[in-house]
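Visitor: Okay, handing you the structure first.
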Amino acid sequence: MSARDDTAPVTLHLDRVPGVLGRIVHERAADYAGADPALGPARARPHRFETALSQPGLSLIAEVKRASPSQGAIAPLEPLEAARAYEAGGARAISVLTEPRHFDGTAQALRDVVGGVAVPALRKDFVVHPAMLREAAEWGASAALLMVSVLHEATAEYLHMAHHLGLDALVEVHDERELDIALAAGAPIIGVNNRDLTTLHIDLEVSPRLIRRARDAGFTGVLVAESGYRTPQDLASVRDLADAVLVGSSLAGSGDLTRAARDLMQV
Ligand SMILES: O=P(O)(O)OC[C@@H](O)[C@@H](O)c1c[nH]c2ccccc12
């Protein structure tokens with residue numbers, strides 16, 4: 001048992017993170033190197049993100065994504081306008097990139113979305129410092145992304161910090177080993193990324209495989225299939241397995257976000 005001291009954040013071993021992902025997390029760690037790790041007092045957790053994804057049928061988390069390392073510029077979305085369009089198209093939550101260099105994200109984008117839509121918002125960033133979670137809570141996010149490929153054995157600690165701040169966490173995995181870490185950490189919401197963030201390669205078989213493994217292991221929480229979904233046919237392999245799907249590029253680049261969301265989910 002460890003009594004955690006808010007002033008002593010767990011050490012991350014970012015030198016183990018390879019490829020494109022490794023470069024981005026080093027940049028983010030440098031951005032927050034001098035930030036105060038204190039979280040402040042505990043807040044109640046309304047479970048808004050978790051509840052939104054637990055509704056019957058496959059829930060859509062639609063992402064405000066203006067650019068990415070794999071595609072470069074996607075679309076010059078105005079974040080609030082985009083989020084409202086997604087909401088009108090049936091999205092049950094909005095994911096907002098806040099990473100500035102590779103995804104053209106900003107804090108303001110998240111604040112604008114939080115203030116202008118009724119559905120919960122997820123801070124999508126490369127969390128490598130407790131201050132990033134404190135910010136997410138301050139900016140009004142309902143949830144934050146935690147990546148096991150970055151946090152490794154510190155995943156449980158970051159999950160506790162998110163919950164302390166009243167945030168749900170989307171704990172993201174890409175292979176069996178990472179899934180086992182997420183399950184051991186007690187994550188209530190697990191996302192399976194079809195994209196290998198070290199190579200940017202997408203394989204739509206990853207989500208059904210790991211979602212089945214989680215269920216076989218007795219996991220009863222929320223499971224999210226992430227990345228690479230462009231058509232209703234693409235969703236067939238997770239439609240009866242996942243609780244939610246996280247979609248960015250294909251919606252963001254469509255030109256008509258409401259229609260693209262409806263067409264993808266066939267509603
Ligand atoms: O644009 P796509 O292929 O629909 O993917 C969305 C989302 O899953 C992706 O943006 C993502 C998943 N995990 C991440 C971690 C960091 C940055 C981005 C991501």
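Visitor: Filter the stretch 191-202 down to the residues that are at negative phi and of a type outside the set (Val, Ile, Thr), then identify the one that is most open to solvent (accessible area, probe 1.4 Å).
Guide: Here is the first cut: in the stretch 191-202, the residues at negative phi are 191-199, 201-202.
Now drop any that are not of a type outside the set (Val, Ile, Thr), which leaves 191, 193-197, 201.
Working: Gly191: 0, Asn193: 7, Asn194: 0, Arg195: 29, Asp196: 41, Leu197: 36, His201: 118 Å².
Top of the filtered list is His201.
Visitor: Still on this model: Check the stretch 203-217 and report whether any residue there is within 16 Å of the ligand (Cβ to nearest atom), open to solvent by 10 Å² or more (accessible area, probe 1.4 Å) and in contact with a Pro (Cβ under 8 Å, 6 or more places away or on another chain).
Guide: Scanning the stretch 203-217, I find no residue that is within 16 Å of the ligand (Cβ to nearest atom), open to solvent by 10 Å² or more (accessible area, probe 1.4 Å) and in contact with a Pro (Cβ under 8 Å, 6 or more places away or on another chain), so the answer is no.
Visitor: Going by the structure shown, is Thr258 in a loop (DSSP other than H, G, I, E, B) and either open to solvent by 10 Å² or more (accessible area, probe 1.4 Å) or within 12 Å of the ligand (Cβ to nearest atom) (or both)? Step through it out loud before you land on a result.
Guide: Details: in a loop (DSSP other than H, G, I, E, B): no; either open to solvent by 10 Å² or more (accessible area, probe 1.4 Å) or within 12 Å of the ligand (Cβ to nearest atom) (or both): yes.
Considered against the rule, which asks whether it is in a loop (DSSP other than H, G, I, E, B) and either open to solvent by 10 Å² or more (accessible area, probe 1.4 Å) or within 12 Å of the ligand (Cβ to nearest atom) (or both), Thr258 comes out as no.
Visitor: All but one of (1) under 22 Å from Thr258 (Cβ atoms); (2) of a type outside the set (Phe, Trp, Tyr); (3) within 16 Å of the ligand (Cβ to nearest atom); (4) assigned to a loop (DSSP other than H, G, I, E, B) hold for Ala118, so report the exception by its number.
Guide: Condition not satisfied by Ala118: (3).
Visitor: Using the structure shown, decide if Ala137 is within 13 Å of the ligand (Cβ to nearest atom) and under 15 Å from the mean Cα position of the chain (by Cα). Quick ask: steps written out before the conclusion?
Guide: Details: within 13 Å of the ligand (Cβ to nearest atom): no; under 15 Å from the mean Cα position of the chain (by Cα): yes.
For Ala137, the condition - within 13 Å of the ligand (Cβ to nearest atom) and under 15 Å from the mean Cα position of the chain (by Cα) - is not met.
Visitor: I'd like the full set of residues that are open to solvent by 20 Å² or more (accessible area, probe 1.4 Å) and within 15 Å of the ligand (Cβ to nearest atom), limited to the stretch 164-177. Full working, then the answer.
Guide: The initial filter retains those residues of the stretch 164-177 that are open to solvent by 20 Å² or more (accessible area, probe 1.4 Å), namely 164, 174-177.
The answer is His174, Asp175.
Visitor: Checking Leu200 against (1) touching a residue at least 40 places away in the same chain (Cβ under 8 Å); (2) more than 15 Å from Val148 (Cα to Cα); (3) more than 11 Å from the ligand (Cβ to nearest atom); (4) not charged (D, E, K, R), which test does it fail?
Guide: It fails just one condition, (3).
Visitor: Here's a check for you: in the stretch 44-70, which residue that is basic (Lys, Arg) and within 21 Å of Gly248 (Cβ to Cβ) is farthest from the ligand (Cβ to nearest atom)? It would help to see each step written out before you state the result.
Guide: As a first pass, look at the stretch 44-70 and keep what is basic (Lys, Arg): 45, 48, 65-66.
Pick out the ones that are also within 21 Å of Gly248 (Cβ to Cβ) and you get 48, 65-66.
Values: Arg48: 20, Lys65: 6, Arg66: 11 Å.
Across the stretch 44-70, the extreme among qualifying residues is Arg48.
Visitor: Which one of the conditions (1) in contact (Cβ under 8 Å) with a residue 12 or more places away in the chain; (2) farther than 30 Å from Arg262 by Cβ does Asp15 fail to meet, given that it meets all the rest?
Guide: (1)
Visitor: Further question: Among the candidates Ala93, Ala109, Ala88, single out the residue that is open to solvent by 30 Å² or more (accessible area, probe 1.4 Å), among the aliphatic types (A, V, I, L, M) and in contact (Cβ under 8 Å) with a residue 40 or more places away in the chain.
Guide: Among Ala93, Ala109, Ala88, only Ala88 is open to solvent by 30 Å² or more (accessible area, probe 1.4 Å), among the aliphatic types (A, V, I, L, M) and in contact (Cβ under 8 Å) with a residue 40 or more places away in the chain.
Visitor: Being away from the ligand (no atom under 12 Å from the Cβ) and within 17 Å of Ala93 (Cα to Cα) is the filter; apply it to the stretch 242-255 and report the residue that is most open to solvent (accessible area, probe 1.4 Å). Walk me through it before giving the result.
Guide: Of the stretch 242-255, the ones away from the ligand (no atom under 12 Å from the Cβ) are 242-243, 255.
Now restrict to residues that are within 17 Å of Ala93 (Cα to Cα): 242-243.
Details: Ala242: 12, Asp243: 40 Å².
Once the filter is applied, the top-ranked residue is Asp243.
Visitor: Looking only at the stretch 223-241, count every residue that is open to solvent by less than 10 Å² (accessible area, probe 1.4 Å) and of a type outside the set (Phe, Trp, Tyr) and tell me the total. Don't jump to the end; show me each part of the working.
Guide: Looking only at the stretch 223-241, we keep the residues that are open to solvent by less than 10 Å² (accessible area, probe 1.4 Å), and these are 223-226, 229, 235, 238.
So of that shortlist, the ones also of a type outside the set (Phe, Trp, Tyr) come out as 223-226, 235, 238.
Qualifying residue count, the stretch 223-241: 6.
Visitor: Can you confirm whether the stretch 93-109 contains a residue that is within 11 Å of the ligand (Cβ to nearest atom), modelled with pLDDT of 95 or more and more than 30 Å from Gly186 (Cβ to Cβ)?
Guide: yes
The values are calculated or read from the model by the stated rules, or taken from the named source; none is laboratory data. None of the values given here were measured: they were computed from a predicted structure. Methodologically, a virtual Cβ is constructed for each residue, glycine included, from the backbone with ideal geometry; neighbour enumeration extends over all protein chains shown. Just the protein is used for accessible areas: all its heavy atoms, side chains included, with ligands, DNA and RNA removed. Shrake-Rupley method; radii C 1.70, N 1.55, O 1.52, S 1.80 Å.
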